[in-house]
Amino acid sequence: MTSFEDLPIRDDLRGRSPYGAPQKVVPVALNVNENTHPIPEDVAHDIVARVAAAILQLNRYPDREFTELREAFARYLGHGLTPEQIWAANGSNEVLQHLLQAFGGPGRRALGFSPTYSMYSLLASGTGTEWVDAPRDADYELSAETAVAAIEQHDPDVVFLCAPNNPTGTPVSLDTIRAVADAARGIVIVDEAYFEFADPGTPSALELLEGRPRLVVSRTMSKAFAFAGARVGYLAADPALIDALRLVRLPYHLSALTQAAALAALAHSGEMLAMVDEIRGQRDRIVRELGRLGFRAYRSGSNFVLFGGVDEPAALWQALLERGVLIRDIGLPGSLRVSAGTEAETTAFLEAIALFAPSAANRIGA
């Protein structure tokens with residue numbers, strides 16, 4: 001059988017693996033940081049109605065500038081943003097790809113702080129951008145001093161700050177983001193995909209946009225909005241930077257159906273986000289209970305928890321899977337990651353992992 005390695009693929013892509021997480025049908029799936037709460041029924045009906053109306057005009061191209069959607073995102077984000085400062089695409093990954101297509105590329109360098117979201121380096125590879133991993137501080141934290149030192153050392157054209165960080169959940173302070181934005185000569189991307197799950201009162205990097213035309217704040221509807229299947233990501237930045245993204249986007253890249261569904265969800269943002277407090281509560285419950293069981297749960301500002309103290313991550317992952325609970329082995333030594341689900345899903349996870357706690361008499365396979 002032919003593999004893609006047998007084809008005349010680009011040399012810089014040889015030996016690489018595509019992004020992916022195990023997709024298995026199990027009673028409790030807590031491995032890809034989804035919002036596991038269903039969309040409220042009345043919101044679902046409105047989404048269906050708006051999509052149905054859009055279907056009647058599918059013989060026409062959609063609004064290329066997705067004007068109404070940009071207006072809705074600007075209202076949702078606040079901070080005095082205007083539609084001219086908003087961009088959107090099919091998931092935040094395409095938003096990030098547009099940024100690398102416009103500001104990365106051959107002969108240019110992107111910098112991230114490892115461990116971080118693995119798609120950053122894959123998107124860099126896909127756009128011919130050199131990728132550089134810089135280290136974090138202890139416990140996966142990132143201080144302004146550490147971040148600025150990496151920028152001074154590597155002089156990147158693009159900097160990625162995941163705030164809070166995936167896969168560790170670590171929050172990033174506004175002081176660190178400000179220091180990076182002021183130190184970097186290139187584009188600074190603050191990926192706030194999980195921002196809505198941050199503790200109340202946590203400031204957003206949106207506060208720093210004014211006067212910083214090379215700063216970008218990226219968001220997604222996949223997480224807090226429970227809209228992962230709709231594939232809608234967006235960003236806020238200076239209007240000049242938004243204009244640059246038009247050079248690389250495909251024509252009519254956001255379908256009329258996507259725009260209609262996203263507008264409906266944003267119209268019900270209060271209902272869509274009502275579940276965030278519950279998810280945050282389940283996250284904090286996971287942190288407390290894992291600590292009680294003898295695991296090491298790291299600080300998290302997201303809807304997931306990274307925990308250490310696991311002697312054999314692959315074996316524990318398999319043991320939980322056999323009990324109907326799917327979490328994520330992200331390849332960090334002695335660690336696994338679990339998403340915060342509903343109360344019932346969280347209970348199922350905690351009951352299953354309690355069998356294999358460091359202090360438990362039970363052992364994997366017993």
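The values are calculated or read from the model by the stated rules, or taken from the named source; none is laboratory data. Because the structure is a prediction, the values reported are computed rather than measured. Cβ coordinates were reconstructed from backbone atoms using ideal geometry, including for glycine residues, and neighbour counts include every protein chain displayed. These area figures cover heavy atoms from the full protein model, side chains too; ligands, DNA and RNA do not enter into them. Shrake-Rupley method; radii C 1.70, N 1.55, O 1.52, S 1.80 Å.
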*Where nothing but the Cβ of Lys and Arg (+1) and of Asp and Glu (-1) is charged, how large is the charge dipole of region 188-231 around its Cα centre, in debye to the nearest 20?*
240 debye
*Tally Lys/Arg at +1 and Asp/Glu at -1 over every other residue whose Cβ is under 14 Å from the Cβ of Pro213; what's the total?*
-2
_How large a share of the accessible area of region 255-304, in percent, is made up of carbon and sulfur atoms when the probe is 1.4 Å and the other protein chains stay in place?_
50 percent
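Which shape class applies to region 105-189: rounded if a/c is under 1.5, otherwise prolate when a/b exceeds b/c and oblate if not, where a ≥ b ≥ c are the square roots of the Cα gyration tensor eigenvalues?
oblate
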*Excluding Gly324 itself, what net charge comes from residues whose Cβ is under 15 Å from its Cβ, given Lys and Arg +1 and Asp and Glu -1?*
-1
_Alpha-carbon centroids, region 85-111 and region 194-244: separation in whole Å_ = 13 Å
*Dipole of the chain [Lys/Arg +1, Asp/Glu -1 at C-beta], most positive-end residue of Ser121, Thr347, Gly294*: Ser121
*Over the alpha carbons of region 215-287, what is the largest minus smallest coordinate on each principal axis, giving the biggest first in Å?*
46, 30, 18
*Debye, to nearest 20: dipole size of region 5-52, +1 on Lys, Arg Cβ, -1 on Asp, Glu Cβ*: 140 debye
*What is the local net charge at Ala344, summed over the other residues whose Cβ is closer than 13 Å to its Cβ (Lys, Arg +1; Asp, Glu -1)?*
-3
_Cα Rg over Rh - region 42-123, Kirkwood_ = 1.08
_Sort 345-357, 188-200 by packing, meaning the average of other beta carbons within 10 Å per residue, with the highest value first._
188-200, 345-357
*Given the Cα-Cα distance of Leu7 and Arg75 and 0.36 nm per residue of separation, how much length would full extension add, in nm?*
19.7 nm
*asked:* Give me the tail of P(r) for the chain as a percent: Cα-Cα pairs with distance above 35 Å.
replied: 27 percent
*For region 145-155, what does the Karplus curve 6.51 cos²θ - 1.76 cosθ + 1.60, with θ = phi - 60°, yield as ³J(HN,Hα) per residue in whole Hz, taken in order and with x for Gly and Pro?*
5, 5, 5, 5, 4, 5, 5, 5, 6, 9, 6
*Go through Ala44, Asn33, Phe4 and say which Cα lies farthest out towards the positive end of the charge dipole of region 1-92; charges sit on Cβ, +1 for Lys and Arg, -1 for Asp and Glu.*
Phe4
*Could you check how much of the accessible area of region 47-202 is carbon and sulfur, as a whole percent, using a 1.4 Å probe?*
49 percent
*Hey, can you grab everything whose amide H is under 5 Å from the amide H of Trp131? Only 5+ residues off in sequence or another chain; H modelled, so Pro and N-termini drop out.*
Ala110
_For the chain, what does the accessible surface come to per residue with a 1.4 Å probe? Please give it in Å²._
44 Å²
*asked:* Can you find, among Leu316, Thr146, Ala244, the residue sitting farthest towards the positive end of the charge dipole of the chain, where Lys and Arg contribute +1 and Asp and Glu -1 at Cβ?
replied: Leu316
*Using the Cα centre as the reference, give the magnitude of the dipole from point charges on the C-beta atoms of the chain (Lys, Arg: +1; Asp, Glu: -1; all else neutral), rounded to the nearest 20 debye.*
460 debye
*Taking amide hydrogens as modeled 1.01 Å from N in the peptide plane, which residues meet the under 5 Å criterion relative to Gly341, leaving out close sequence neighbours?*
Thr346
*Over what distance in Å are the Cα centres of region 253-331 and region 114-148 separated?*
22 Å
